[in-house]
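Step one of this worksheet: look at the structure below.
The values are calculated or read from the model by the stated rules, or taken from the named source; none is laboratory data. Everything numeric in this text was worked out from a predicted model, so none of it was measured. Every residue, glycine among them, receives a Cβ derived from its backbone with ideal geometry; neighbour counts consider all protein chains shown. The accessibility values were calculated without ligands, DNA or RNA, using every heavy atom of the protein model including side chains. Shrake-Rupley method; radii C 1.70, N 1.55, O 1.52, S 1.80 Å.
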Amino acid sequence: MTDKLIRPISSESVAREPFERGKFGSSFRHLTRAAMGDRPYHVGVAIEELPPGKQSCPFHFHMLEEEHLLMLEGECTLRLGEER
């Protein structure tokens with residue numbers, strides 16, 4: 001059973017991954033992937049930093065995963081269908 005043990009990690013130990021595609025762009029640290037590897041998971045945790053004027057990602061939805069946002073500074077707009 002020890003192969004299922006998930007050890008704590010430091011967010012600072014996870015390398016930033018750049019993402020850039022036109023108006024979309026950020027750098028992020030995928031903490032769940034760093035802690036769990038390729039094992040399946042239901043809740044993902046990432047730290048994402050957006051430069052001014054950039055959007056996080058194209059409009060999308062998740063069927064089996066929730067998406068939450070804890071914003072430390074700045075402004076954001078949530079798009080839900082046609083509503084903002």
Exercise. Looking at segment 1-57, which chymotrypsin sites (Phe, Trp or Tyr not before Pro) are in a loop (DSSP not H, G, I, E or B) and have at most 16 other Cβ atoms within 10 Å?
Worked result: Tyr41
Problem set entry | Of the GluC sites (Glu not before Pro) in segment 28-84, those whose Cβ has at most 13 other Cβ within 10 Å and which sit in DSSP loop | Glu65, Glu66, Glu67, Glu73, Glu75, Glu82
Seminar exercise, completed: Between the modelled labels at Phe59 and Arg7 (7 Å from Cα along Cα→Cβ) the distance in nm is 4.4
Exercise. According to a simple spin-label model (label point 7 Å from Cα along Cα-to-Cβ), what is the distance in nm between Thr77 and Thr32?
Worked result: 2.7
Seminar exercise, completed: Relative contact order as a percentage, the chain, C-alpha pairs under 8 Å and 6+ apart, gives 23
Problem set entry | Theoretical ellipticity at 222 nm over the chain - DSSP helices of four or more residues, -39500 (n - 2.57) apiece, nearest 500 | -1500 deg cm²/dmol
Problem set entry | Probe 1.4 Å - accessible area at Ile9, Å² to nearest ten | 80
For this session: Send over the per residue convex hull volume for the chain, Cα only, as a whole number of Å³.
Result: 127
Exercise. If you rank Val45, Val14 by how much accessible surface each has, with a 1.4 Å probe, what is the order from largest down?
Worked result: Val45, Val14
